[in-house]
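Peer 1: The structure's right below; bear with me while I get my questions together.
The values are calculated or read from the model by the stated rules, or taken from the named source; none is laboratory data. Only a predicted model underlies this, so the values are computations on that prediction, with no experimental measurement involved. With ideal geometry, Cβ positions are generated from the backbone for all residues, glycine too; neighbour counts draw on all protein chains shown. Just the protein is used for accessible areas: all its heavy atoms, side chains included, with ligands, DNA and RNA removed. Shrake-Rupley method; radii C 1.70, N 1.55, O 1.52, S 1.80 Å.
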Amino acid sequence: MDSLKQEIVEKLPKVELHCHLDGSVSRKTIRKIAEAQDYPLPSSESELRNLVQAGEDCQSLLEYIGKFDTVLDCLQVEEAITEAAYDLIGDVKAENVAYIEVRFAPMLSTHKGLSADQVVQAALTGFKKGEADFGVKSRGILCMMRHHDDQRNREVVELTKEYLGQGIVGIDLAGDEASYPAGNYKELVKLANDYDLPITLHAGECGCAGNVRESVDMGATRIGHGIALKDDPEILAYCVEQGITVEICPNSNLQTKTVTEWSDYPYLKLKEAGLNISLNTDNRTITDTNLTKEFMTLDNLYQIGYEGMQELTENGIKASFTEESMKKELLAFVRKEYQEVSRNA
Ligand SMILES: [Zn+2]
């Protein structure tokens, strides 16, 4: 199989299901929104990079999560949220992402008086303006946070219900999985289920396949990461049977020490078991990545070729939470573009 060429990968249409807004605001945009609020940032690029990027020597998910602090401090006013959302759409256009689901936790932007509702509206304004200017289709997913109390997370369930079909397409649970297992959120996820909200949950990022099983039983049709499935064939088979899609984020998984070396990365194991896999960045800025880099990483490790790239892309479209008509359109577009490549290869 031909190995991937970066310049072709960049040009091919891609889709992303697992991208956090706060972890994907470029350094350039961070500077812009910080300056507008007189928020002090280090003047040197390398110091800023240390503040907002995890790097290879990151030791854990907790250390990784600390990299959100600076940007979250700046995402407390509507203009900054709109600008961050808009600039992200511009950034993903540069590598030809055709459709992206961007997730964010509205409650994390309410520290200076914004309501969660205002946060959602500010982000949606940025996405819509981005779609108009760059032609990238986008939808939002709202995140409950593991360290937040039930009352705050319940507000996120209610907001998702309110904005479903108006730019928001689903709900997630993010944060420190090791300290807060999936089972703590049964009641909240049940409420999301009662409202028929599409559900994706972070699980199996911290070494526990039991969290994946529990998340699926609670009603998640997609799992963020799911890497712990590599150590539990029974739960892996269960997820295959249930038609679950895992949103893997290889370079992030290495930084958070979900796996400690590439030889442990379970892409082939999960694929050969028959699991639906979609490829994602998680956090473009914190992990210093984009989808092109993630595809090149998988190709270097497993020689996935354009066929593998197309399969991962189609998996993402099929598992996306957007309207059926848009999925159909995206699938047709992707198939046409990839055909072109195989013809020219
Ligand atoms: Zn994530």
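Here is a yes/no grid of residues against (1) within 16 Å of the ligand (Cβ to nearest atom); (2) closer than 14 Å to Pro106 by Cα; (3) at pLDDT below 95; (4) surrounded by 17 or more Cβ atoms within 10 Å (Cβ to Cβ):
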residue: Asn153; (1), (2), (3), (4): no, yes, no, yes
residue: Pro181; (1), (2), (3), (4): no, no, yes, no
residue: Leu188; (1), (2), (3), (4): no, no, no, yes
residue: Ala192; (1), (2), (3), (4): no, no, no, yes
residue: Thr200; (1), (2), (3), (4): yes, no, no, yes
residue: Ala203; (1), (2), (3), (4): yes, no, no, yes
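Peer 1: Output yes when any residue across segment 228-249 is of a type in the set (S, T, N, Q), within 16 Å of the ligand (Cβ to nearest atom) and closer than 18 Å to Glu177 by Cα, and no when none is.
Peer 2: No, segment 228-249 contains no residue that is of a type in the set (S, T, N, Q), within 16 Å of the ligand (Cβ to nearest atom) and closer than 18 Å to Glu177 by Cα.
Peer 1: Also, I was wondering about something else. Return yes when Ser263 is within 16 Å of the ligand (Cβ to nearest atom), closer than 27 Å to Leu301 by Cβ and either among the hydroxyl-bearing types (Ser, Thr, Tyr) or out of contact with any Asp or Glu (no Cβ under 9 Å at 6 or more places or on another chain) (or both) and no when it is not.
Peer 2: The answer is no for Ser263.
Peer 1: State all residues of segment 155-168 that are open to solvent by 10 Å² or more (accessible area, probe 1.4 Å) and either within 16 Å of the ligand (Cβ to nearest atom) or in contact with a His (Cβ under 6 Å, 6 or more places away or on another chain) (or both); if no residue qualifies, say none.
Peer 2: none
Peer 1: From the list Ala220, Ala228, Ala237, pick out the single residue that is free of Cβ contacts under 8 Å to residues at least 40 places away in the same chain and under 16 Å from the mean Cα position of the chain (by Cα).
Peer 2: Ala220
Peer 1: Now for a different question. Here are Glu323, Glu314, Glu337: which of them is open to solvent by less than 40 Å² (accessible area, probe 1.4 Å) and under 19 Å from Glu16 (Cβ atoms)?
Peer 2: Glu314
Peer 1: Further, regarding this structure: Specify which of the listed residues (Lys257, Lys269) is open to solvent by 10 Å² or more (accessible area, probe 1.4 Å), within 16 Å of the ligand (Cβ to nearest atom) and touching a residue at least 12 places away in the same chain (Cβ under 8 Å).
Peer 2: Lys257
Peer 1: Looking at (1) modelled with pLDDT of 95 or more; (2) of a type in the set (Ser, Thr, Tyr); (3) surrounded by fewer than 17 Cβ atoms within 10 Å (Cβ to Cβ), can you tell me which one Ser215 breaks?
Peer 2: Exception for Ser215: condition (3).
Peer 1: So which helices (runs of 4 or more DSSP H) are wholly in segment 1-81 and hold at least 3 residues that are under 19 Å from the mean Cα position of the chain (by Cα) and not β-branched (Val, Ile, Thr)?
Peer 2: Fully inside segment 1-81 and qualifying: 61-65.
Peer 1: Output the number of residues of segment 1-27 satisfying the condition of being basic (Lys, Arg) and either without any contact (Cβ under 8 Å) to a residue 12 or more places away in the chain or open to solvent by less than 20 Å² (accessible area, probe 1.4 Å) (or both).
Peer 2: Counting residues in segment 1-27 that are basic (Lys, Arg) and either without any contact (Cβ under 8 Å) to a residue 12 or more places away in the chain or open to solvent by less than 20 Å² (accessible area, probe 1.4 Å) (or both) gives 2.
Peer 1: Let me ask another. Those residues that are over 24 Å from Asp69 (Cα atoms) and more than 18 Å from the chain's Cα centre (by Cα), I need them from segment 165-181; list them, please.
Peer 2: Within segment 165-181, Gly165, Gln166 meet the criteria.
Peer 1: I need a count of the residues in segment 83-108 that are open to solvent by 10 Å² or more (accessible area, probe 1.4 Å) and assigned to a helix (DSSP H, G or I).
Peer 2: Here the count works out to 8.
Peer 1: Being over 12 Å from Val189 (Cα atoms) and of a type in the set (D, E, K, R) is the filter; apply it to segment 205-223 and report the residue that is nearest to the ligand (Cβ to nearest atom).
Peer 2: It comes out as Glu205.
Peer 1: Among the residues of segment 311-333, are any in contact (Cβ under 8 Å) with a residue 60 or more places away in the chain, away from the ligand (no atom under 16 Å from the Cβ) and charged (D, E, K, R)?
Peer 2: Within segment 311-333, one or more residues are in contact (Cβ under 8 Å) with a residue 60 or more places away in the chain, away from the ligand (no atom under 16 Å from the Cβ) and charged (D, E, K, R).
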